[in-house]
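Working notes for the structure below.
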């Protein structure tokens, strides 16, 4: 089984190109600062954490148009701009990312102030994708005729291969978001860890999935897929942010945290499935 799994993973790796993540992360981003005081400008620059691609609005050496404009509090801000409030940086990041999702990765790579939010966004997104896939892939066990819903994942011989590939994609995204090198060679330790870790939660998920009572195994399987991906994501984020991953005790704590989040996602998936099947 281990040999077959490795062969499946190796084949599936062809579907995952880190160059795409690298190219997206390297997209230049320009930010204009609207400020009339040195303290105000300094506060915004401190939040961004980088001056490359940052210009004062109206300065002759700046571009004619910026990707994002951030204004000091008290300075008139256009409708498309954002006002900076000291102590409320998280709100500012949330608003900018909501309106400029396509800039999430290059913003995080270039400006450390965006990294925590972007990293957590990617982790939550991949966790939900893996939970959803695990839920759907378990449906044939209880509803034989639903198997055709899996056509979209036909290139993956097992659900574990899909989940592992998604975790590797997450590793590439998190590295890029934190200004690290991206690629199989550049992240060989992380890639090996993700693939090795797949065996553990794969076996655990299989043990917890059953056909009786109806749907009883769907929620645990989806929740475990979420929790396993959550631990991987949070550990990688810790590694890229602070240079050290979680220890064993911290990983267990993160797993419990992820399992609770995963249960909520899985229950919602099950509820939606029941409504659609009614």
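The condition (being surrounded by fewer than 15 Cβ atoms within 10 Å (Cβ to Cβ) and assigned by TED's automatic domain parsing to the domain that holds residue 167) is satisfied by just one residue among 73, 91, 20: 20. Answer with yes or no whether residue 49 is under 30 Å from residue 231 (Cβ atoms) and more than 17 Å from the chain's Cα centre (by Cα). In short, yes. The single residue among 58, 81, 53 that is at pLDDT below 95 and not assigned by TED's automatic domain parsing to the domain that holds residue 179 turns out to be 58.
Okay, residues lined up against (1) in contact with a strand residue (DSSP E or B) (Cβ under 9 Å, 6 or more places away or on another chain); (2) modelled with pLDDT of 90 or more; (3) surrounded by 22 or more Cβ atoms within 10 Å (Cβ to Cβ):
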site: 216; (1), (2), (3): no, no, no
site: 234; (1), (2), (3): no, yes, yes
site: 241; (1), (2), (3): no, yes, no
site: 253; (1), (2), (3): no, yes, no
site: 257; (1), (2), (3): no, yes, no
site: 263; (1), (2), (3): no, yes, no
site: 269; (1), (2), (3): no, no, no
site: 278; (1), (2), (3): no, no, no
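The values are calculated or read from the model by the stated rules, or taken from the named source; none is laboratory data. Since we're looking at a predicted model, the values are computed, not measured. When we count neighbours, we look across all protein chains shown, and the Cβ atoms used for this are built from the backbone with ideal geometry, even at glycine.
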